[in-house]
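K.L.:
Could you have a look at this structure, given as structure tokens, before my questions?
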Amino acid sequence: MKKTPLILAVLALVLSAAALVMTFVGKTGNISESEVVPGSTAVAGDIVYVQIDSLVMNYDMYNDLMTAFQSKLQASQDDLQKKSRKLETDMKSFENQINKGLLTRSSAEQQQSTLLQRQESLQNEANQKQLEFQEEEYVINNQILDAIQTYLKDYNAKHEYALIFTTSASTNVIIEGNKGLDITADVLSGLNNEYIQTRNN
């Protein structure tokens, strides 16, 4: 269920649209025109951008949540595979007994019914787990998106950029631009510092 490219594409589109609304701010004099944002040459009033794929993939919160998610997903898959192998073994054993004439018709029908019920139950469990993990992944994506949007809103209140765009390998909003307007490193540093403080509390 690795959907990282799709996740990043959705994040890029949503963040780009949200930035258009959220980051238009008036100048309040917090930063002078000559001050430079660490890691870039952008100043107040500039139109800047972040590389959303790099930002997300290097965001500690994303990595922590996805590591836990993948571990939980793998454990679930291992459990389902174990049950599937057991069912397959029992079905082969049942078929072998039928071929050898070791079961009465009544016993064969009962065992067949039991095996079919187990098969249906296992399929239902697999479908339910898939839905649960899809929902959990959706929630994780929303948590990451909300954390980034919240941070960027506060970040821009301080730096007073005219706009903050997003770009990524899959949805390249910025085709060509001044690298000095790339604030990804600074935003990532701030996001990780904020998350680490929250995580350690």
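K.L.:
Given the conditions (1) surrounded by 12 or more Cβ atoms within 10 Å (Cβ to Cβ); (2) over 18 Å from T184 (Cα atoms); (3) at pLDDT 90 or above, report the number of the one that I52 does not fulfil.
P.N.:
(2)
K.L.:
A follow-up question, please. Can R105 be described as within 28 Å of the chain's Cα centre (by Cα) and more than 30 Å from D79 (Cα to Cα)?
P.N.:
The answer is no for R105.
K.L.:
Next question, about the same structure. Report yes if some residue within the stretch 119-133 is among the aromatic types (F, W, Y) and either in contact with a Pro (Cβ under 9 Å, 6 or more places away or on another chain) or in contact (Cβ under 8 Å) with a residue 60 or more places away in the chain (or both); otherwise report no.
P.N.:
Looking through the stretch 119-133, at least one residue is among the aromatic types (F, W, Y) and either in contact with a Pro (Cβ under 9 Å, 6 or more places away or on another chain) or in contact (Cβ under 8 Å) with a residue 60 or more places away in the chain (or both).
K.L.:
Go through the residues of the stretch 168-184 one by one and say whether even a single one is within 20 Å of the chain's Cα centre (by Cα) and assigned to a helix (DSSP H, G or I).
P.N.:
yes
K.L.:
Hey, among K72, K82, K100, which residue is within 30 Å of L191 (Cα to Cα), basic (K, R) and loosely packed, with under 15 Cβ neighbours inside 10 Å?
P.N.:
One residue alone meets the criteria, K72.
K.L.:
Also, quick follow-up: Does the stretch 152-167 contain any residue that is of a type outside the set (D, E, K, R), touching a residue at least 12 places away in the same chain (Cβ under 8 Å) and farther than 17 Å from I47 by Cβ?
P.N.:
Looking through the stretch 152-167, none of the residues is of a type outside the set (D, E, K, R), touching a residue at least 12 places away in the same chain (Cβ under 8 Å) and farther than 17 Å from I47 by Cβ.
K.L.:
D154 is checked against (1) surrounded by 15 or more Cβ atoms within 10 Å (Cβ to Cβ); (2) assigned to a helix (DSSP H, G or I) and fails just one. What number does that condition carry?
P.N.:
Answer for D154: the failing condition is (1).
K.L.:
Consider L122 carefully, then state whether it is modelled with pLDDT of 95 or more, under 23 Å from the mean Cα position of the chain (by Cα) and either under 18 Å from S76 (Cα atoms) or part of a helix (DSSP H, G or I) (or both).
P.N.:
no
K.L.:
Right, L145: in a helix (DSSP H, G or I), within 20 Å of the chain's Cα centre (by Cα) and buried (at least 17 other Cβ atoms within 10 Å of the Cβ) or not?
P.N.:
Judged against the criteria, L145 is a match.
The values are calculated or read from the model by the stated rules, or taken from the named source; none is laboratory data. As the structure is a prediction and not an experimental result, all values here were calculated from the model. Positions of Cβ are generated from backbone atoms using ideal geometry, with glycine treated the same way; all protein chains shown enter the neighbour counts.
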